[in-house]
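**Q** What follows is a single structure, and I will ask about it in a moment.
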Amino acid sequence: MQKFGDISKTQRGRSFNVVRFAAITTIVFCMSNPMQSQSPSQTQSSASIPFKFEVASITLSDPDASGGFMTIPGPGSVRDRFTERNVTLLKLIRATYGIPMDTEDSRISGGPAWFNSARYDVDAKIDSPVVDELKKLTPDQSTLAQQHMLQELLADRFKLTVHRETRNLPIYTLVIAKSGSKLQKAKTGEVASSTYSGPERPQFITGQMKSIASLVEMLSVFLGCSVLDKTGLPGEYDFKLEWTPDDGLTPSGITRDDGTPIQPDSKASSIFTAIQEQLGLKLVSGKGPVDIVVIDHVERPSAN
């Protein structure tokens, strides 16, 4: 599950825990591509059981509670319940519509002030036959179906209605550098996996048996805006990218999740330089079409 708290970017920079990238990818879904509006009926083939929660509870969080967590569906991940603690409706909408938590608020437009201040606990259970049907879908279809279930839950309890628009916003385009790609083709038989650093210094991304689309999703989270893939590179790759953020926060005495010490005098460069030197790719800044969610109507949640 993805853990988070109410801390600023600077504060996050001074917090040194490490989490698996798999937790982030449960929230990120095709950030570089148009947002999906496909319904479960379009994704399932012959499932006779409707994709919906058996029972769900939404209540105001304890005002003294700190931090929070979410369990959100990701590709290939099917659970029998979704649990969120001490989260705002804004975060729920981000997760439900596949908008990464670290992107700017420009990806969501509208909404009352309370939707980013009032905090809720959510517990929604999925009946076992529905879980079985979800597991029969492809990973992407399963993600869409589960997101649709969450969308219906928010529509029911918060009376949430939204529409999607495409706006011209700041983006990065990922291209092949003049030196040529340095990505290593994945080896046959490898198991797909990925990791990323938390706010520790230096930061890193690793991928095994991963496509460029997966790399783009990871970069989108760290850069805080959409990344468009223009490399034209097909297939899966093994890669590792390490860099030092530009905020000057490089603590000592910390380790990655595998126990490897992180040295404060690391020679890792900025993410832009590191991408060119280590991967043979390049990030080009500009503006481009970005799909956003526009909130048309929302109310405080109804009683359970």
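The values are calculated or read from the model by the stated rules, or taken from the named source; none is laboratory data. As the structure is a computational prediction, the values presented were derived from the model and not from experiment. We place every Cβ from the backbone using ideal geometry, glycine too, and count neighbours over all the protein chains shown.
**Q** Those residues that are more than 13 Å from Ser211 (Cα to Cα), in a strand (DSSP E or B) and at pLDDT below 85, I need them from region 163-198; list them, please.
**A** Thr195, Tyr196, listed by residue number.
**Q** Right, Ile205: modelled with pLDDT of 85 or more, under 16 Å from the mean Cα position of the chain (by Cα) and part of a strand (DSSP E or B) or not? Please lay out each step first, then the result.
**A** Working: modelled with pLDDT of 85 or more: yes; under 16 Å from the mean Cα position of the chain (by Cα): yes; part of a strand (DSSP E or B): yes.
Yes, satisfied.
**Q** Could you identify the single residue in Asp296, Asp246 that is at pLDDT below 85 and either under 30 Å from Thr88 (Cα atoms) or in a loop (DSSP other than H, G, I, E, B) (or both)?
**A** Only one candidate qualifies: Asp246.
**Q** Please determine, by comparing only the residues of region 114-125 that are in contact (Cβ under 8 Å) with a residue 60 or more places away in the chain and either among the hydroxyl-bearing types (Ser, Thr, Tyr) or over 8 Å from Phe82 (Cα atoms) (or both), which one is surrounded by the fewest Cβ atoms within 10 Å (Cβ to Cβ).
**A** That would be Trp114.
**Q** Take the residues of region 91-147 that are in contact with a strand residue (DSSP E or B) (Cβ under 8 Å, 6 or more places away or on another chain), part of a loop (DSSP other than H, G, I, E, B) and not aliphatic (A, V, I, L, M): which is modelled with the lowest pLDDT?
**A** Tyr97
**Q** Go through the residues of region 146-168 one by one and say whether even a single one is over 27 Å from Pro112 (Cα atoms) and over 19 Å from the mean Cα position of the chain (by Cα).
**A** Checked region 146-168: no residue is over 27 Å from Pro112 (Cα atoms) and over 19 Å from the mean Cα position of the chain (by Cα).
**Q** For Leu223, are the conditions met, namely being within 13 Å of Ile275 (Cα to Cα) and touching a residue at least 60 places away in the same chain (Cβ under 8 Å)? Give the steps one after another, and end with the answer.
**A** Working: within 13 Å of Ile275 (Cα to Cα): yes; touching a residue at least 60 places away in the same chain (Cβ under 8 Å): yes.
So Leu223 fits the description; yes.
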